[in-house]
Amino acid sequence: MTIMTVRIASLILGGCLAASVFSGPVFAAGNDNSTMPTCKKGDIYDQKTKKCVKQQSANVSDENRTDYAYSLAKTGRYEEALAMLDTVKDQNTAEVLNYRGYATRKLGRTDEGISYYLKSVKMDPQYAKVREYLGEAYVIKGQLDLAKDQLSTIKTICGTACEEYQDLNAAIIDPSKI
């Protein structure tokens, strides 16, 4: 009976250790080279302190909030990403508009997403990521000519080897990749 007790205790201890490893921040998935972790709902990752803090008490920059919103969106937490973007003081930046477009598009509101993308493009015509996402939105709408226009523009911005070009090109070839 003692051996059985030791085995059960070992299993419980192992389970607790595994649970503690998986209960920390989750790193954003995706191919945007983002390494910002995401936290539980109501918290924000503070890039200065390198830890999750309560969103209400957090004194983090707009840039931190914008980056965190994008990390949330890349992990499928689109509503939370939009709520985080709402906390950014300067709503009129190319990145905020792009990430708002991304989250709304992923929620199925493609036309609304396109409107944000177009505002972002107007602010920064050389911003390749917004052009990739705008092109993907056009692919979703079946407007491949407009998507190919964005692909051509991306090529002039960063060439054919950059991630934005490769991702949009793959989406045009196979829309199921979006």
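For segment 152-178, give me the residue count where each residue is of a type in the set (A, V, I, L, M) and in contact with a Lys or Arg (Cβ under 8 Å, 6 or more places away or on another chain). Full working, then the answer.
Filtering segment 152-178 down to residues of a type in the set (A, V, I, L, M) leaves 154, 157, 161, 168, 170-173, 178.
Narrowing the set further to residues that are in contact with a Lys or Arg (Cβ under 8 Å, 6 or more places away or on another chain) leaves 154, 157, 168, 170-172.
Result for segment 152-178: 6.
Could you tell me which of the residues Thr35, Thr66 is surrounded by fewer than 10 Cβ atoms within 10 Å (Cβ to Cβ), modelled with pLDDT of 60 or more, touching a Phe, Trp or Tyr at 6+ places or on another chain (Cβ under 8 Å) and within 30 Å of Asp167 (Cα to Cα)? Walk me through it before giving the result.
Working: Thr66 fails: surrounded by fewer than 10 Cβ atoms within 10 Å (Cβ to Cβ).
After applying the criteria, what remains is Thr35.
For segment 93-105, indicate whether the set of residues that are open to solvent by 30 Å² or more (accessible area, probe 1.4 Å), of a type in the set (S, T, N, Q) and closer than 30 Å to Val53 by Cβ is non-empty.
yes
Inside segment 140-152, can you point out the residues that are in a helix (DSSP H, G or I) and within 20 Å of Leu97 (Cβ to Cβ)? Walk me through how you get there before you give the answer.
First pass over segment 140-152, keeping only residues in a helix (DSSP H, G or I): 140, 144-152.
Across segment 140-152, the qualifying residues are Ile140, Leu146, Ala147, Asp149, Gln150.
Please state which of the following conditions Thr87 fails to meet, knowing it meets all the rest: (1) crowded, with 23+ Cβ neighbours inside 10 Å; (2) modelled with pLDDT under 95.
(1)
Looking only at segment 52-63, which residues are over 22 Å from Thr104 (Cβ atoms) and either surrounded by 13 or more Cβ atoms within 10 Å (Cβ to Cβ) or in contact (Cβ under 8 Å) with a residue 40 or more places away in the chain (or both)? Reasoning before the result, please.
From segment 52-63, those over 22 Å from Thr104 (Cβ atoms) are 52-54, 56-61; that's our starting set.
Residues satisfying the conditions are Cys52, Val53, Ala58, Val60, Ser61.
From the list Lys155, Lys122, which residue is open to solvent by 20 Å² or more (accessible area, probe 1.4 Å), part of a helix (DSSP H, G or I) and closer than 26 Å to Ser61 by Cβ? Steps first, please.
Working: Lys155 fails: closer than 26 Å to Ser61 by Cβ.
Step by step, each of Lys155, Lys122 is checked, and only Lys122 is open to solvent by 20 Å² or more (accessible area, probe 1.4 Å), part of a helix (DSSP H, G or I) and closer than 26 Å to Ser61 by Cβ.
If you go through segment 75-84 one residue at a time, how many are aliphatic (A, V, I, L, M) and either open to solvent by 30 Å² or more (accessible area, probe 1.4 Å) or at positive phi (or both)? Give the derivation first.
If we filter segment 75-84 for residues that are aliphatic (A, V, I, L, M), which is where we start, we get 81-84.
Within this subset, residues satisfying the condition of being either open to solvent by 30 Å² or more (accessible area, probe 1.4 Å) or at positive phi (or both) are 83.
Total satisfying the criteria: 1.
Let me confirm something: among Cys158, Cys162, which residue is within 20 Å of the chain's Cα centre (by Cα) and more than 27 Å from Glu79 (Cα to Cα)? Even if it seems obvious, please write down each step before you answer.
On the way: Cys158 fails: within 20 Å of the chain's Cα centre (by Cα).
None of the others qualify; the one that does is Cys162.
Looking only at segment 158-178, how many residues end up being closer than 10 Å to Glu136 by Cβ and assigned to a loop (DSSP other than H, G, I, E, B)?
Residues that pass the stated criteria total 1.
The values are calculated or read from the model by the stated rules, or taken from the named source; none is laboratory data. These numbers come from a predicted model, not from an experiment. Cβ sites come from the backbone with ideal geometry, for glycine too, and all protein chains shown count toward neighbours. Protein only, heavy atoms only, side chains kept; ligands, DNA and RNA dropped before computing areas. Shrake-Rupley method; radii C 1.70, N 1.55, O 1.52, S 1.80 Å.
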